[in-house]
Amino acid sequence: MTGSSGAGVRTVRAYLRSRGRTPAGVMDRYVSVFCLAMLIAVTGKPLSDVLAGLAVPGEPARMGAGVALLALGLAGFLAAARNAGPVLLPGADASWLLLSPLNRRHVLGRAARLLLGVAVVAGVVLGVGLLAVLGAPDQLVWRVLGALVVGVAAAVGGMALAVLGQASTSWRLWLTGAVAMLLVLAAVAVTGQLRTVLAIAASAPPPALAAAVSGAAVVSGLLVRQAWVSLERIPTRTLVASSTRAGHVAGAAMSLDPGALTWIAEDNHWRARKLPSRRWPSLPAPFALAWQDWRRLARRRGRLVGVTATAALPAVLAQAGGSPTALGVALLGGALAVASISTSGARRDADNPALARLIGVSRRKALAARAVLPGLLAGAWTALAFTGLAVGGAMAGLADAGGVAGGFGGAWWLFGPLAAPALAAAALRMAGRAPVDHSMPVIDTPGGAIPTGPLFWAATGPDLALLGCLPTAVALVSQPTDLAPFLMAQGVVSVVVLAGFVWRSRSGGKVR
Amino acid sequence: MYDSIISVETLTVELGGNPVLRDLDLTVAPGEIVAVVGSNGSGKSTLLRCLAGLQPVTSGEVRVFGKPPADDAAFWGRVALLGDEPAWYPGLTAREHLELMGAVHAQARMTVDAALELFALQERADAPPLNLSTGQRQRLSLAATLLRPSTLLLLDEPERGLDKDFRADLADLLHEYADEGGTVVMATHDQGLATISRQVAPSGVAA
């Protein structure tokens with residue numbers, strides 16, 4: 001077990017497997033292959049239909065917004081990879097294998113392959129998105145292949161850059177530069193400055209396409225090779241620190257609780273800082289408790305600026321040709337996500353109520369006080385997003401209609417503050433949800449088994465947001481001539497949802 | 001009214017079919033310091049969780065302040081529990097955690113500055129708790145627990161991670177707490193802390 005070859009790591013892993021779960025038998029492998037074949041059979045036709053539906057020239061007016069969304073998506077992917085590590089080990093591996101004489105690259109090989117898999121999947125999504133934006137006026141097969149290769153090359157190359165950034169500071173600067181360039185690209189694209197360039201790219205002849213694809217693949221390949229070599233140079237302290245945080249990852253993986261993953265980035269952020277202590281304001285106890293989220297948010301002004309900037313995304317989506325339903329999903333989803341960034345205290349107490357017990361504030365009062373900040377954030381963000389849609393011309397018809405019938409022309413932004421209480425309740429519900437319940441039944445469908453535990457977990461929170469914002473959602477989809485009844489209904493429903501949520505909460509913490 | 005802060009009668013707790021506590025009787029008077037001692041797995045932490053109302057009992061009765069413990073704000077307003085390290089709020093320093101504790105309780109037992117000095121944390125007051133050493137985080141937990149007002153203190157191995165000198169200081173702090181009328185029940189392996197207390201050993205079979 002002291003050898004430094006790959007055989008050493010394999011021996012250790014084989015031993016661990018032998019002490020763990022029962023090894024997969026022939027029947028297990030057969031079931032896996034059968035399920036995969038079924039998945040391909042079920043999704044193959046719809047997927048090919050989707051790809052065939054892309055065999056049309058892209059709309060030049062919408063290309064800029066579409067490329068902006070893709071650039072933002074890739075920038076977010078790279079930022080998430082950088083914040084998470086990206087090379088992480090399970091806690092046990094970090095404790096036992098990392099601090100051993102085993103070959104470092106072989107120890108990290110499994111994590112690297114996992115990262116490669118994640119990047120390939122993200123790249124395929126990026127490639128399909130690219131094809132949807134640029135269109136395929138001719139040579140469908142080659143353009144599909146080209147878009148997929150470019151997408152995968154970008155995502156894999158970006159992930160390799162993130163791995164390199166973990167190994168050295170200079171590469172980290174390159175990664176930061178790449179993210180900044182993507183943000184600039186998104187900003188330029190959304191203003192329509194790239195229309196000519198994108199039109200040329202969309203109708204590029206096959207030789208030019210092949211050259212671009214080859215170039216992307218070569219650059220990506222070089223980065224991957226460099227990243228593979230750099231695995232040995234990632235400082236142990238970096239790996240141990242990120243893997244300690246990955247204790248959360250292990251817990252999350254075991255319980256399929258993706259929410260726990262965000263603690264990694266959160267703890268990572270605060271560990272690296274020395275903060276100036278400030279005196280706590282004199283407030284009633286529940287608000288003094290809730291002040292923690294206000295202070296945390298004030299210390300992350302960059303995030304606040306970023307969140308404010310994302311209020312423009314629904315307008316970009318509308319410019320890219322998004323349907324009213326898609327806009328509704330983006331608005332409600334975005335508002336819920338924005339509200340959720342200020343519920344860390346409630347999440348911490350739900351995960352581990354020890355500190356909440358020491359503080360001793362009634363759960364109901366704490367929830368009511370903690371609803372203020374997410375409500376303010378979600379309300380302001382939604383109002384900004386609606387204003388952006390109106391400024392971008394996406395709501396022009398709706399605003400005019402509202403103005404004719406009820407004097408509420410341009411009053412769509414009012415849905416923001418009116419929906420805020422419901423969004424705050426939904427965000428707090430998300431913050432307090434229990435880990436995934438794997439004992440819930442699994443539904444067999446022709447497409448495969450669907451475990452209801454993760455489904456219910458994912459729906460906890462968004463369900464209340466949808467219920468509480470139903471008047472807004474209906475108004476967005478139905479585009480009424482008079483907004484007044486919807487605004488009034490939204491105000492009433494919102495308050496009822498928040499009051500009901502707070503009233504229903506138990507007075508004590510969780511028993512753990 | 002009640003004569004004793006804690007009254008436990010024929011308490012039995014089984015975990016996974018293993019009897020961890022069996023027919024345990026315990027009475028704790030106001031102002032008493034009680035050390036629950038015994039080997040690993042003898043049920044010390046389980047007993048504390050029962051007293052805090054966090055562990056369902058198999059049989060018997062547990063009464064705290066004359067009634068069964070309830071996991072609610074009124075109960076936690078009088079009882080301060082320190083078990084495993086709490087999860088710290090993100091974005092706050094060590095000092096701010098203590099400030100928060102002082103802000104939510106109307107009459108804190110000491111000022112934040114006094115707590116930082118008493119628990120030797122002044123130099124690390126601006127650090128996020130995650131950046132503190134294990135022992136310093138335990139001191140911070142103890143500072144938060146002793147800064148807030150309470151009638152009953154439940155401590156599960158409070159000596160964890162503390163150096164020898166500070167363990168002696170902790171014994172003095174618990175004495176002061178009891179002199180003010182507070183009651184302490186702690187599970188401990190520390191001989192010094194056990195010496196200043198009435199010692200009880202939970203009967204039962206190691207799990």
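Every number in this text was worked out from the coordinates using simple rules, so none of it is lab data. Owing to the predicted nature of the structure, the values given are computational and were not obtained by experimental measurement. Because the Cβ atoms are built from the backbone with ideal geometry, glycine has one as well, and the counts that use them run over all protein chains shown.
Quick one: if the Förster radius is 30 Å, what FRET efficiency do A:Arg237 and A:Arg279 give, using the C-beta to C-beta distance and rounding to 0.05?
Working: r = 35 Å, r/R0 = 1.15.
E(calc), rounded to 0.05, equals 0.30.
Distance between the modelled labels on B:Thr151 and A:Asp49, one decimal in nanometres: 6.9 nm (7 Å Cα→Cβ projection). A full extension of the chain between A:Glu59 and A:Ala180 corresponds to an added length of 40.9 nm, given 0.36 nm per residue minus the alpha carbon distance.
Quick one: of the DSSP bridges fully inside the protein assembly as shown, what percent are antiparallel, nearest 5?
Details: 18 of 34 bridges.
Of the beta bridges lying entirely in the protein assembly as shown, close to 55 percent run antiparallel.
For segment A:90-240, taking Cα atoms only, Rg and Dmax work out to 18.3, 56 Å respectively.
Taking 0.36 nm per residue of separation and subtracting the Cα-Cα distance, full extension of the segment from A:Arg303 to A:Ala37 would add 91.5 nm.
Only counting other Cβ atoms within 10 Å, I'd like A:Ile359, A:Ile234, B:Ile5, A:Ile40 sorted with the fewest neighbours first.
On the way: A:Ile359 27, A:Ile234 21, B:Ile5 24, A:Ile40 10.
Exposure proxy ranking, most exposed first: A:Ile40, A:Ile234, B:Ile5, A:Ile359.
Reducing segment B:140-167 and segment A:313-372 to their Cα centroids gives an inter-centroid distance of 34 Å. Mind running the shape call on segment A:126-195? Use the C-alpha gyration tensor, a ≥ b ≥ c as the square roots of the eigenvalues: rounded below 1.5 for a/c, prolate if a/b tops b/c, oblate otherwise. Here segment A:126-195 falls in the oblate category.
Kirkwood Rh and Cα-based Rg: tell me the resulting Rg over Rh for segment B:56-207, rounded to two decimals.
Details: Rg = 16.0 Å, Rh = 16.5 Å.
For segment B:56-207, the value is 0.97.
Once you have a ≥ b ≥ c as the square roots of the Cα gyration tensor eigenvalues for segment B:32-119, tell me rounded if a/c is under 1.5, and otherwise prolate or oblate according to whether a/b is larger than b/c. Taking the square roots of the gyration eigenvalues as a ≥ b ≥ c, segment B:32-119 is prolate. Computed from backbone phi, the HN-Hα couplings of segment A:224-236 come to 5, 4, 4, 5, 4, 5, 6, 4, 6, 9, 5, x, 4 Hz, rounded to whole numbers (Karplus: 6.51 cos²θ - 1.76 cosθ + 1.60, θ = phi - 60°; Gly and Pro given as x).
The spacing between segment A:36-87 and segment A:113-189, judged by their C-alpha centroids, is 10 Å. Shown is the FRET efficiency for A:Ala458 and A:Ser214, computed with R0 = 35 Å from the Cβ-Cβ distance and rounded to the nearest 0.05: 0.30. Put simply, the C-alpha atoms of the protein assembly as shown give a gyration tensor, and the ellipsoid matching it has half-axes of 51, 34, 24 Å, longest first. Between B:Glu176 and A:Leu173, the FRET efficiency estimated from the beta carbon spacing at R0 = 41 angstrom works out to 0.15.
As an equivalent ellipsoid, segment A:173-228 spans semi-axes of 24, 21, 4 angstrom, where each value is the square root of five times an eigenvalue of the C-alpha gyration tensor, largest first. Of all beta bridges DSSP finds with both residues in chain B, what is the antiparallel percent, to the nearest 5? The antiparallel fraction comes to roughly 45 percent. Dipole check for chain B: with +1 at the C-beta of Lys and Arg, -1 at the C-beta of Asp and Glu, and the Cα centre as origin, the magnitude is about 300 Debye.
For the protein assembly as shown, what does the helix formula give at 222 nm: sum of -39500 (n - 2.57) over DSSP H segments with n ≥ 4, over the residue count, nearest 500 deg cm²/dmol?
On the way: 32 runs with 447 residues, N = 719.
Using -39500 (n - 2.57) per qualifying helix, the result is -20000 deg cm²/dmol.
Using Cβ contacts closer than 10 Å as the measure, can you line up A:His269, B:His97 from fewest to most? Walk me through the numbers on the way to the answer.
Working: A:His269 16, B:His97 26.
So the ranking, lowest neighbour count to highest, is A:His269, B:His97.
Rounded to two decimals, the Cα-based Rg/Rh of segment B:156-207, with Kirkwood Rh, is 1.00.
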